1. Do we find that Thr282 is out of contact with any Gly (no Cβ under 9 Å at 6 or more places or on another chain) and not assigned by TED's automatic domain parsing to the domain that holds Asp228 in this structure?
2. Given the residues Ala212, Ala205, which is the only one that is free of Cβ contacts under 8 Å to residues at least 12 places away in the same chain and either assigned by TED's automatic domain parsing to the domain that holds Phe167 or polar (S, T, N, Q) (or both)?
3. Could you look through the stretch 247-287, keep only residues that are touching a helix residue (DSSP H, G or I) at 6+ places or on another chain (Cβ under 6 Å) and of a type outside the set (A, V, I, L, M), and pick out the one that is surrounded by the most Cβ atoms within 10 Å (Cβ to Cβ)?
4. Would you mind telling me which numbered condition in (1) touching a Phe, Trp or Tyr at 6+ places or on another chain (Cβ under 7 Å); (2) within 22 Å of Ile158 (Cβ to Cβ) Thr76 fails?
5. Condition first: at pLDDT 95 or above and in a helix (DSSP H, G or I). Now tell me which residues in the stretch 339-363 satisfy that.
6. Cβ-Cβ below 6 Å, separation at least six or inter-chain, first residue in the stretch 26-45 and of a type in the set (Phe, Trp, Tyr), second surrounded by 15 or more Cβ atoms within 10 Å (Cβ to Cβ): which pairs?
7. Regarding Leu290, is this residue in contact with a helix residue (DSSP H, G or I) (Cβ under 9 Å, 6 or more places away or on another chain) and crowded, with 22+ Cβ neighbours inside 10 Å?
Amino acid sequence: MSGFTLDMLRALQSPAGLRLQGRVRDMAPTPATELRVNQTLRQEFDPALVAAALTLHELRARAAAKFTRADAMYFTRDGLEQASGERIARHCADRFAICGSLADLCCGIGGDLIALADHHELLAVDRDPVHLAMAVANTDVSGAADRVQPLAADVRDIPLDGIDGVFIDPARRAGAGRLRSGESEPPLEWAIGLAARVPAVGVKAAPGIDHASVPRGWGLELIADGTDLKEAMLWSPALATVSRQATVLAGDDIHTLRPLPGDPVPVVPPGRYLLDPNPAVTRAGLVEDLARSLDAAMIDDRIAFLTTGAPLKTPFARTLRVLASLPWHEKRLRAALRALDAGPLDIRRRGLAGDVEALTKRLRGQGDRRLTLAMTRAAGQPWALICES
């Protein structure tokens with residue numbers, strides 16, 4: 001459940017509620033002052049409304065990382081968590097440029113709806129009336145609410161006559177908790193089946209989606225905001241450009257890596273530089289394609305680290321200079337770190353088991369040098385690479 005009732009949302013949008021919101025904004029409560037702010041405002045406003053306004057203020061502060069106009073938008077905790085960020089939503093909305101009218105199914109609080117409404121007439125559907133009302137209000141912040149027709153319903157019960165394209169973000173929560181991994185409501189299979197009714201379909205999925213669940217002819221796009229893997233998108237054949245791609249959003253730039261067939265990537269001992277691919281690249285299964293595009297090699301045919309003899313700059317991987325390369329042996333590794341004046345340590349584990357948190361505590365040095373330790377395998381052997389950016 002969303003936590004807010006529809007009546008409470010309407011009360012927050014009333015003149016008194018807007019005045020309360022302004023008071024909360026001006027008083028800028030912190031965890032240390034929230035109790036005092038709450039007591040002060042309860043003398044003038046309904047206690048339940050004050051609690052809702054304080055919760056909204058907290059959520060707006062969190063949402064600032066996703067939305068430029070978060071201070072004027074409406075959220076629930078679950079709705080904010082599942083909502084696409086502004087940059088990703090705009091990127092995905094560009095796929096529907098060929099379409100006229102669209103439907104945003106399971107629209108939630110409207111993270112994607114805002115971007116889609118920039119250029120399209122939209123049917124917005126969600127079975128949670130509070131989220132649906134928030135979606136309309138949030139679209140109004142960008143001045144596009146007049147393009148949105150809201151419908152509170154189960155998306156499986158609505159006709160799609162006259163709709164050119166569908167965006168759907170199936171819920172991965174049910175009641176008070178998450179569904180099991182790989183499950184959604186409605187199920188992924190149902191969402192994919194929409195392509196039999198509307199050719200242009202985009203389905204938002206969890207980044208850990210099993211590639212085998214993507215039908216033939218569909219495209220899978222893994223999207224990262226910087227180095228943070230955010231979501232996966234499945235594109236129906238009418239919208240797909242390739243079978244798989246990794247997209248990295250970096251500031252105002254959008255970088256896309258696609259399959260690059262070619263000869264097998266060589267496996268060589270670790271060289272002077274280590275490339276740690278972006279998680280969008282690894283989840284898209286494009287590590288070898290990245291290696292071909294950079295003329296890089298692999299250190300192991302099952303490990304997603306690449307190596308080169310010269311520094312490379314790419315949006316698809318972090319480049320690290322290798323300071324020491326040695327077989328994994330904790331005692332020798334501790335000595336090598338001490339010799340390098342190691343201080344704070346960032347461990348990147350691939351291919352080896354172990355408690356990273358405990359290992360970090362044991363290996364962290366007293367020096368001033370911030371280093372990265374790749375805990376991995378090279379040519380099938382447990383290996384350690386001490387690196388710096």
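1. yes
2. Working: Ala205 fails: free of Cβ contacts under 8 Å to residues at least 12 places away in the same chain.
Checking each option against the conditions leaves just Ala212.
3. Filtering the stretch 247-287 for residues that are touching a helix residue (DSSP H, G or I) at 6+ places or on another chain (Cβ under 6 Å) and of a type outside the set (A, V, I, L, M), the one surrounded by the most Cβ atoms within 10 Å (Cβ to Cβ) comes out as Pro277.
4. (2)
5. Ala339
6. Phe45/Leu20
7. Working: in contact with a helix residue (DSSP H, G or I) (Cβ under 9 Å, 6 or more places away or on another chain): yes; crowded, with 22+ Cβ neighbours inside 10 Å: yes.
In short, yes.
The values are calculated or read from the model by the stated rules, or taken from the named source; none is laboratory data. This structure is a prediction, so every number in the text was calculated from the model and none was measured. Here the Cβ is made from the backbone with ideal geometry for all residues, glycine too, and neighbour counts use every protein chain on show.
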